[in-house]
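Computed from the coordinates by the stated procedures, all read-outs in this text should not be read as laboratory data. Predicted model only: the values in this text are computed from it and were never measured. Backbone-built Cβ (ideal geometry, glycine too); neighbour counts: all protein chains shown.
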Amino acid sequence: MICRRQAGRRAGAVVLMLAAAGCTRSAMGTIVYTTPAKQEVVIQSPAGKTCHRLPGGAYRVVNYTLYDIRLYTNADCALTPAGQDQSGQTGGESFYLATQSSIGYTPGQSPWLSYYVVPGSG
């Protein structure tokens, strides 16, 4: 009888751990980016609802995740001041990159330095 109780408690604990793991929002899949030094970096299933830095910066980004992402030209996922964007022109403080799509380098562009996984977009 004691063994059954312990087994039941352990099974309940496992179920709770799995349920908690299922509640964490991660963008299942990969994000691949190319740095200005032409190195390819692969990010596996990034967590959602948080700012992620792109070490080395990114000139090309491919979003193979199930969620959309927003790219930023600074390291803290904040919009640039009005009238200043990656090419020094008005507008475009960030870039919305849909799931299963990519963006390439534009001459004069500053590298993307961070991104945010858009919750509920998948």
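Numerical summary
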item: Pair LYS49, SER102: separation of 7 Å Cα→Cβ label points (nm); result: 3.2 nm
item: By average C-beta atoms within 10 angstrom, highest first, the peptides 100-108, 30-38; result: 30-38, 100-108
